[in-house]
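Reviewing the structure listed below.
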Amino acid sequence: MQWSAMAWECSLLSDVPEAGLRWQPEPVPAPRWLAFHEALADELGLDQSPEALLICAGNQRLSADTAMVHLYAGHQFGHFNPSLGDGRALLLGEWVDAQGQRWDFQLKGSGRTPCSRQGDGRATVRSMLREYLISHAMHGLGIPTTRALAVVATGNLVQRDRIEPGAILLRLSHGLLRIGSLEYQAARSRPAVVQKLMRYVAERRGWFDEADDLPALFLRMMQEHAMRVAQWMAVGFIHGVLNTDNISLMGETMDYGPCAFLEHYDPSSVFSSIDRSGRYAYDQQPAVMAWNMGCLARALAVATGTTMEPWYEMRSSWTTMYRDAWQVCMRAKLGLTTAMEGDERLIEDYLLLLQQASVDWTLGWRYLAESLHQTNMTHAQLFGSRCAELEQWLERWRQRCRAEAGMASTIVTTMQQNNPARIPRNHHVEQVLLQAEHGETEPFFSLFRALTQPYVEDAEAIRWQQPADRSFTEQYMTFCGT
Ligand code: AMP
Ligand code: MG
């Protein structure tokens, strides 16, 4: 479909005018496709025409006047900033596909906006290709996320630590509202606007029964976030900057600036260069999301004119919600689909073994299935001198598997569907991004393809399964890329 022929809307601005400002992207000198996700485009019936390139670059306006900058606030590393907003992003418009699904089309890196503050409104090739790669890897892993449709080189240079080529990302989302969107309105004492935003989210998510019931919506959102964090923990994803302006009200994983993946299992792993205190370390993610739910609760208390008491009371169910979600994910990694007494202990004990032996998170789980009947050498070697302890644990796990209603083959299948063979390993991501920045894009797309079906064994993708050297991981740092 021609982009100009699409029926663009901006229901957010018409339903909640306080949520944004009309704005347009700044044109760029030399737009050129760097990446275009054909499968996603096909799913939506979109074309990759010269016109699409100009629209993604910000050099041509959409047929309707729908573009807007979204206003939001946020708790950044615990400190409240009442005015953040889209400083380098721009909602082009909303589009309803043939299935009736509404999509936000948002540019990132499309130029300065009224929210840019000191920033240049631009983004680098490296950071936009990074988001493109990792958002699709997350989708491949089965984790709800914003999804990039395209990356366009701009022909501009961008000053960061060094001078880098600039790019714009087009990402699609079921709705780009964040906890910070509510905090922005709550800080301006606009209870009715917070209520309207919540209704908007409920309608876009299809939570019609709860649409006018803020406590019920709050519980629903907490449940969603509990599952999201549990899914991150299960694949070893470290978001890196879980500020409330980066937490989607739709429950999508978003903003991939400083994220990273676990290599060897060290629960205190943190890679972001700006996270000096480890606030957003791997094992802090559940607690930090609970803290963020407290921020959401505060905005809802403003919306309802109530005290915090009932909201905190509701928030206390987070612990159980998260534990349940985590157990579902972790049991599945063990091949188990039923819940039994002692499962939590069994999971915890395997985690302890992985940690004590510094085992690669992804391989430690992926190879476990092969030890279902008798200890597999490749698996055992990961545990080095802790082999005897592993053997004892395996015996307990095999016994638990025998109590499972399913047959051994179902257990193995469940494990293969929940323990990826491949994740975006940090050293591979950095290597292919650097090559792509210099025009060599084959490795980038090879890794990209390998990550779209991460649960399937693929001989050609073996090169992307290799863990990093320990020394690489120990000094590895990620940057926001702002
Ligand atoms: P982030 O850390 O990417 O979540 O961004 C935090 C805030 O800084 C948001 O309001 C962004 O829009 C803004 N921001 C980040 N990078 C830039 C940039 N290069 N130019 C303008 N604003 C930016
Ligand atoms: Mg952000």
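Please identify the GluC sites (Glu not before Pro) of region 283-354 that satisfy two criteria: DSSP loop assignment and at most 15 other Cβ atoms within 10 Å. Which are they? Filter output for region 283-354: E341. Once you reduce region 295-328 and region 117-152 to the center of their Cα atoms, the two points are 30 Å from each other.
Close amide H pairs (under 5 Å, H built 1.01 Å from N) link H75 with N81, T244, D245, residues at least 5 positions away or on another chain. Taking the charge dipole of region 46-190 about its Cα centre, with +1 at Lys and Arg Cβ atoms and -1 at Asp and Glu Cβ atoms, the residue from A123, L53, L133 reaching farthest to the positive side is A123. Take every pair of alpha-carbon atoms less than 8 Å apart whose residues are at least six positions apart; their mean separation over the length of region 117-207 yields a relative contact order of 24 percent. Here the Karplus curve 6.51 cos²θ - 1.76 cosθ + 1.60, taken at θ = phi - 60°, turns the phi angles of region 109-125 into couplings of x, 8, x, 5, 9, x, 9, 6, 6, 7, x, 8, x, 10, 9, 9, 4 Hz, with x standing for Gly and Pro. In terms of its alpha-carbon gyration tensor, region 167-228 comes out oblate; a/c meets the 1.5 threshold, while b/c is at least as large as a/b.
Taking K and R as +1 and D and E as -1, what net charge do the other residues with C-beta under 12 Å from the C-beta of A226 add up to? Counting the neighbours of A226, the net charge comes to +2.
Each Lys or Arg adds one and each Asp or Glu subtracts one; over the other residues with Cβ under 10 Å from the Cβ of W95, this totals -3.
Seen against the Cα atoms of the chain and their longest principal axis, helix 426-437 is set at about 40 degrees. Rounded to the nearest 10 degrees, the inclination of helix 214-235 to the longest alpha-carbon principal axis of the chain is 50 degrees.
Calculate for the chain the 222 nm mean residue ellipticity that helices alone would give, adding -39,500 (n - 2.57) per DSSP H run of length 4 or more and normalising by residue count, nearest 500 deg cm²/dmol.
-13000 deg cm²/dmol
Listed values for region 269-277 are Karplus-derived 3J(HN,Hα) couplings in whole Hz (6.51 cos²θ - 1.76 cosθ + 1.60, θ = phi - 60°), namely 4, 8, 10, 6, 5, 8, 9, 5, 8, and x replaces Gly and Pro.
The H on the amide N of H264, modeled in the peptide plane, is under 5 Å from the matching H of W361, each at least 5 residues off or on a different chain. Local charge for P215 was computed over the other residues whose Cβ lies under 12 Å away, with Lys and Arg +1 and Asp and Glu -1, and equals -2. If one computes the Cα centroid of region 33-56 and of region 391-406, what distance in Å separates the two points? The two parts, judged by their Cα centres, are 49 Å apart.
Compute the acute angle (0 to 90°) between the alpha-carbon long axis of helix 191-205 and the principal axis of greatest extent of the alpha-carbon atoms of the chain; round to the nearest 10°. The two axes meet at around 60 degrees.
Just so you know, all these numbers are worked out from the coordinates, no wet-lab data involved. Worth saying up front: this structure is predicted, and the values here are computed from it rather than measured. Neighbour counts are summed over all protein chains in view; Cβ atoms, including those assigned to glycine, are modelled from backbone coordinates with ideal geometry.
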